[in-house]
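One structure below.
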Amino acid sequence: MDLQEQLEELRTSTQAQLQAIKAENAKELQDLRVKVLGKKGSLTELLKGLKDLPNELRPVVGKQVNEVRDVLTKAFEEQGRILEQAQIQAQLESESLDVTLPGRQISIGNRHVLSQTSQEIEDIFLGMGYQVVDGLEVEQDYYNFERMNLPKDHPARDMQDTFYISEDILLRTHTSPVQARTLDKHDFSKGPLKMISPGRVFRRDTDDATHSHQFHQIEGLVVGKNISMGDLKGTLELISKKMFGEDRSIRLRPSYFPFTEPSVEVDVSCFKCGGEGCNVCKKTGWIEILGAGMVHPRVLEMAGVDAEEYSGFAFGLGQERIAMLRYGINDIRGFYQGDSRFTEQFK
Ligand code: FA5
């Protein structure tokens, strides 16, 4: 066989071998490329024969060598692509990946129902020009009790026993100490004081379905000239309608708090039965929602505010109680357990 025939033979046999390589043996492609086109490959071997050819044949065969190299190089590239495609296809089939399936839903968290409740109430009061004030959870006996007209050994302290850090430092039992702290700072020459203060409070109460040793309150305080019980009633009526529906009415019942005089418990007409009596209102038609009253003159005086000239009202509501009533939650412990089956209901 002369050199030209050998070249032709190399081209056809290499192409045939290329076609025979299967996807799973793709590595054979590289081996074959080295064997044919590599530095010590068959084509280089054949090239060596050029020098023995007559002069007139050399350019012709040289051209043929280049053509065979080009053809085979392209054939290797083409076959490489085909094998790669075949491999991808085989992988897709074996993994049975369905790219048309919808993605997995990521569960997005939501604000805790108590935060939602306090934010809603804050928004209502901000709209009426109140300021929102932060208080201290670790408080002095002085602000929690004495400034609220509960001197040491006052029997009403029993209603709110708490956790003591020292004789004078305790976990606050209500948000009312914020009243005293804010009164101390307020400049009455600039106008009346209107504030609310949401926050966590603590009591030595036994935990049950409606009581917890830590819970949340929102304090409200308005002090200015000519503030009357009518202002208190109007404000509470508005908040009840916003929280429980426009058809709600409220009633005030006499009560006792050492820091207000007179003091009242505030009931809202039952939002479930409309006042006829049902299981939510325990057949009374009314639901108790908060404590309130006119600020005791002594509380004003202890803050250096002239009780002859100024008067005010205050109220304190339990956030859990409001949320339980609104959403029909029957166990207060649900708020604190972090069970997503509970929390996700308030998205
Ligand atoms: C007070 O704490 C007064 N400081 C409220 C107040 C402020 C009255 C300003 C007048 C003027 P009382 O102890 O009733 O009041 O508590 C208020 C609300 O907190 C209750 O209506 C109830 O909803 C909630 N509460 C009281 N104890 C607990 C408890 N252990 N667990 C959950 N909520 C409670």
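The values are calculated or read from the model by the stated rules, or taken from the named source; none is laboratory data. Predicted model, so just to flag it, every value in this text is computed and none were measured. As a convention, Cβ positions derive from the backbone with ideal geometry for all residues, glycine included, and neighbour counts pool all protein chains shown. Each accessible area value is taken on the protein alone, full model and side chains, heavy atoms only, with ligands, DNA and RNA left out. Shrake-Rupley method; radii C 1.70, N 1.55, O 1.52, S 1.80 Å.
Per-structure values
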item: Size of charge dipole - segment 107-171 - debye, nearest 20, with Cβ of Lys, Arg +1 and Asp, Glu -1, no other charges; result: 200
item: Which of GLN87, THR235, PHE163, positive extreme of dipole for the chain (C-beta unit charges); result: GLN87
item: Per-residue SASA entry for ASP52, accessible area with 1.4 Å probe, Å² rounded to 10; result: 120
item: Taking the chain and dividing mean pair separation by its residue count, relative contact order in percent (alpha carbons under 8 Å, at least six apart); result: 14
item: Kirkwood-type radius of the chain, with distances r between different C-alpha atoms, in Å; result: 27.2
item: Most fluctuating residue given options GLN116, GLN179, GLN91, as computed from a GNM of the chain linking Cα atoms under 10 Å; result: GLN91
item: Alpha carbon convex hull of segment 132-198, volume per residue in cubic angstrom; result: 89
item: Cβ-derived FRET efficiency at R0 41 Å, LYS225 paired with LYS283, nearest 0.05; result: 0.45
item: Per residue, in Å², the accessible surface of the chain once ligands and nucleic acids are set aside, probe 1.4 Å; result: 57
item: Over 23 Å between alpha carbons, listed pairs LYS40/LYS63; LYS152/LYS194; LYS27/LYS51; LYS152/LYS233; result: LYS152/LYS194; LYS27/LYS51; LYS152/LYS233
item: ASP134-LEU92 FRET efficiency (beta carbon distance; Förster radius 51 Å; 0.05 resolution); result: 0.30
item: Share of carbon and sulfur in the accessible heavy-atom surface of the chain [1.4 Å probe, %]; result: 50
item: Distance (nanometres) between label positions extended 7 Å along Cα→Cβ at TYR164 and LYS51; result: 11.1
